[in-house]
Each structure stands twice: as C-alpha cells, then as structure tokens.
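Trainee: My questions will all concern the structure given below.
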Amino acid sequence: MSKTLVVLLGPTGIGKSDLSINLAKYFNTEIISSDSRQVYRELSIGTAVPPPEDLQQVKHHLIHSHSIYDYYSASKFEQDVLKILDDLFKEKNVVIMTGGSMLYIDAVCKGIDDIPDADPKLREQLIQEYNEKGIEHLRITLKRLDPVFYEQVDLKNHKRLLHAIEICLIIGKPYSSLRTGNAKKRPFNIIKLGLKREREELYDRINKRVDQMIEMGQIEEARKVYPLRHLNSLNTVGYKELFSYFDREISLEKAIELIKRNTRHYAKKQLTWFRKDEEINWFHPDEENQIIHFIESKLS
RNA sequence: GGUGCCAUAGCUCAGUUGGUAGAGCAAUGGACUGAAAAUCCAUGUGUCCCUGGUUCGAUUCCAGGUGGCACCA
C-alpha cells in the first residue's frame with residue numbers, strides 16, 4: 001500500500017484540531033502540526049495549542065518542539081517534517097498533517113528551493129542600513145546585485161528586498177540564480193482537505209476564541225515573554241497587541257479588539273492563499289463521515 | 001398626551017448657503033519560495049426614514065407621518 005500524507009488545512013479557528021484527532025484515531029496514526037507558532041514551547045494559549053488532554057489522545061509532532069529563541073523557517077519546517085514522515089511511514093500508511101501556515105504547508109507539499117540560511121549578523125546589519133537609509137537604498141543595492149529579481153520583486157516590500165540582498169551577499173551570485181520555482185517530487189501521496197464555513201460564522205468563532213484566550217490567561221502568558229518582545233517568534237497576533245498594552249500605548253480593551261481584528265485578517269489572508277490552490281478538496285468541518293470516505297476512496 | 005431634539009455607509013458621525021454625498025472604524029479583493037500569525041498592494045460601501053408640497057431640480061426648505069431620545073404632564 002502506498003504512503004499517504006493527509007493535509008488538513010483551513011483558516012484559523014475553523015475547527016481543524018478536533019477533526020484531526022478524530023481522523024488520526026480512525027486511521028490509527030499520528031499528527032504533524034503545520035503551524036508556524038505552535039512550534040514554540042513558550043507559547044500555548046495565544047497560539048491555540050490544543051489542551052493537554054487532547055494532545056495525549058494522539059501523538060502530535062512539531063508542537064512545542066522549539067524555543068522562541070530558535071531561528072526557525074519554512075525550510076527548517078520542511079526538513080523536520082520530511083524526517084518525521086520518513087520515520088512514521090515505516091509503520092503507518094497514513095499520516096495527518098494539520099495547521100494553517102500556508103507557506104509551511106507548501107514547503108512540505110511542493111518543496112522549497114535550496115537556498116542557504118540567513119546569517120543573523122548580516123541580516124541585522126542590513127536591517128540597520130534599511131532603518132537608516134530607507135527602502136530606496138535596498139532597491140538600488142538589489143538592482144546592482146540581482147537585476148533579474150529586481151524586475152520581479154515587490155519593490156515596496158522591504159522584507160523581500162532584504163532577503164534577496166542577504167542571499168546574494170552570502171552566495172556571491174544573484175539570488176534569482178537559485179530560484180527554480182520547481183515543485184519537488186515526494187515519495188508519498190498527498191491529499192489536501194480544506195475546511196470551510198460561512199465567513200460570518202468563522203469570524204464569530206474567532207471573536208469568541210479570543211475572549212476565551214483572555215479568560216484562560218493569555219495576558220499572563222504574554223507578560224512572561226514580554227521582555228523578549230523583539231524576537232521574531234513573538235511578532236505574532238495575540239502577543240504584539242498585548243505588548244502595546246503593557247507599554248501603555250493602548251487600553252486592554254483596545255488590545256483585545258485588535259487581537260480579534262488581526263486574527264480575522266489572518267484568516268482572510270489564509271483563505272486568499274488557499275483559494276488559488278486547486279488541489280484542495282473542500283468540506284465543512286461537520287462532514288466527518290464524508291471526509292473519511294473521501295480519504296478512503298483515495299487510498300488504494 | 002404635550003413640547004423639544006434627532007433620523008445620511010455594517011457602526012459612530014460629518015456635510016450639502018437646494019445641483020443625489022464623505023471621514024474614522026469595521027469590511028472586501030489580491031501578492032507571496034528560509035522573518036510567513038510576517039511583510040506588501042488595492043477597493044468601495046448609500047431608496048441621505050416615508051409621503052406630499054414649494055422648485056427647472058429636494059438628502060438639504062416646508063407640512064404630515066413613522067421610529068428613537070430627552071424633558072413636561
């Protein structure tokens with residue numbers, strides 16, 4: 001029997017976690033989380049990590065597996081997942097991957113080009129240059145280092161410019177020379193399942209979940225990591241807004257309102273990304289039986 | 001019951017000395033290859049409460065109605 005990775009995706013708050021546990025039980029398998037923030041062990045409430053009793057029911061991978069101090073990326077995620085899958089497929093025919101981090105999901109399903117890791121010192125230096133000299137400086141630098149990519153890149157997005165420049169400097173040739181855009185072949189089948197609800201209902205669930213997070217102690221969780229607020233891993237919805245509250249820039253009420261709005265925006269962005277992926281088979285979260293039948297029809 | 005004030009975008013409101021309208025917030029569409037819950041781009045939203053009158057023309061002025069608020073009974 002061929003090996004199959006079932007990818008359960010959808011916007012935040014749609015109801016992926018509960019369904020993934022049921023599916024994992026049904027197929028007697030384990031779950032890999034594809035969530036760029038649940039990997040951090042210092043974060044739980046604000047990243048909506050499932051409660052311990054849920055995590056105990058089925059073995060989960062890549063939840064609380066790293067520290068907020070660690071440098072993590074889509075590429076590292078790809079490597080981590082492939083290693084875990086290699087292991088799991090020795091025993092299992094089906095593995096479930098669930099989460100909503102779009103780029104991370106694509107890194108596993110389609111692969112990501114072979115590009116060296118960013119050098120923290122160089123990045124810091126480039127960020128400082130950007131802060132001092134502005135985006136036009138980045139544009140000029142990139143145009144000189146990689147005129148091909150310069151024509152393709154969003155010239156208003158400093159992160160894209162900065163990353164291209166740092167890679168050019170590290171490898172000593174244009175960043176675009178490493179960008180193939182080719183999908184990698186995987187030694188297993190992939191089934192993508194997308195979960196969908198009415199937009200209004202989704203937003204309602206998100207708003208209520210934020211209120212629940214606050215009740216569960218999200219303010220305290222954020223306060224604990226507040227001294228580390230400069231870390232990229234903490235540039236995250238549910239934390240950055242509370243940091244502003246701790247700084248007395250906004251009221252607590254305002255912070256909660258912003259967490260709700262920013263989470264809704266995130267969900268919308270996820271929907272935009274997933275919409276163009278024609279490999280996704282869409283279901284309502286309540287259609288568990290149909291989903292199981294669908295998966296079984298694809299296993300052979 | 002009487003008097004006064006109000007009625008404009010999903011919400012809070014501004015405005016039109018009469019030529020059918022705009023802010024904030026919310027919302028919507030999109031981009032995306034090692035920072036991605038990040039970063040970046042774009043976009044409106046309308047029986048101006050209803051009916052009649054005056055007027056070339058009314059969301060704007062007038063009258064009546066309806067609803068809301070306040071005060072008086």
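Trainee: Does region A:218-231 contain any residue that is of a type outside the set (G, A, S), assigned to a helix (DSSP H, G or I) and within 9 Å of RNA strand B (Cβ to nearest atom)?
Mentor: The answer is no; no qualifying residue exists.
Trainee: Still on this structure: I'm told A:H137 meets every condition in (1) over 22 Å from A:D80 (Cβ atoms); (2) within 12 Å of RNA strand B (Cβ to nearest atom); (3) part of a helix (DSSP H, G or I); (4) open to solvent by 40 Å² or more (accessible area, probe 1.4 Å) except one. Can you identify the failing condition by its number?
Mentor: Single failed check for A:H137: (2).
Trainee: Out of all the residues in region A:117-134, which are part of a loop (DSSP other than H, G, I, E, B), near RNA strand B (Cβ under 9 Å from one of its atoms) and either under 18 Å from A:L161 (Cβ atoms) or touching a residue at least 60 places away in the same chain (Cβ under 8 Å) (or both)?
Mentor: The answer is A:A118, and nothing else.
Trainee: From A:K224, A:K240, which residue is over 22 Å from the mean Cα position of the chain (by Cα), of a type in the set (K, R) and open to solvent by 70 Å² or more (accessible area, probe 1.4 Å)?
Mentor: A:K224
Trainee: Does any residue in region A:160-180 that is outside any helix (DSSP H, G or I) come within less than 9 Å, Cβ to Cβ, of a residue that is small (G, A, S) and crowded, with 16+ Cβ neighbours inside 10 Å six or more places away or on a different chain, and which pairs are these?
Mentor: Here the result reads A:P174/A:A164, each pair linking region A:160-180 to a residue that is small (G, A, S) and crowded, with 16+ Cβ neighbours inside 10 Å.
Trainee: While we're here: Residues being more than 13 Å from RNA strand B (Cβ to nearest atom) and under 16 Å from the mean Cα position of the chain (by Cα): count how many of those fall in region A:70-92.
Mentor: Adding up the residues that qualify gives 1.
Trainee: Tell me, please, whether a residue that is among the hydrophobic types (A, V, I, L, M, F, W, C) and over 18 Å from the mean Cα position of the chain (by Cα) can be found in region A:33-54.
Mentor: No, region A:33-54 contains no residue that is among the hydrophobic types (A, V, I, L, M, F, W, C) and over 18 Å from the mean Cα position of the chain (by Cα).
Trainee: In the list A:K184, A:K173, which residue meets the criterion of being open to solvent by 70 Å² or more (accessible area, probe 1.4 Å) and over 23 Å from A:D277 (Cβ atoms)?
Mentor: A:K173
Trainee: Additional query: Give the residues of region A:13-35 that are closer than 27 Å to A:E198 by Cα, open to solvent by 20 Å² or more (accessible area, probe 1.4 Å) and not in a helix (DSSP H, G or I), sorted by residue number.
Mentor: The answer is A:G15, A:D35.
Trainee: Just for region A:200-217: of the residues that are within 21 Å of the chain's Cα centre (by Cα) and not hydrophobic (A, V, I, L, M, F, W, C), which one is nearest to RNA strand B (Cβ to nearest atom)?
Mentor: Among those residues, the one meeting the criterion is A:Y203.
The values are calculated or read from the model by the stated rules, or taken from the named source; none is laboratory data. Values in this document were obtained by computation on a predicted structure and should not be read as measured data. Here Cβ is always computed from backbone atoms with ideal geometry, including for glycine, and neighbour counts include all displayed protein chains. Surface areas here come from the heavy atoms of the whole protein model, side chains and all, with no ligands, DNA or RNA. Shrake-Rupley method; radii C 1.70, N 1.55, O 1.52, S 1.80 Å.
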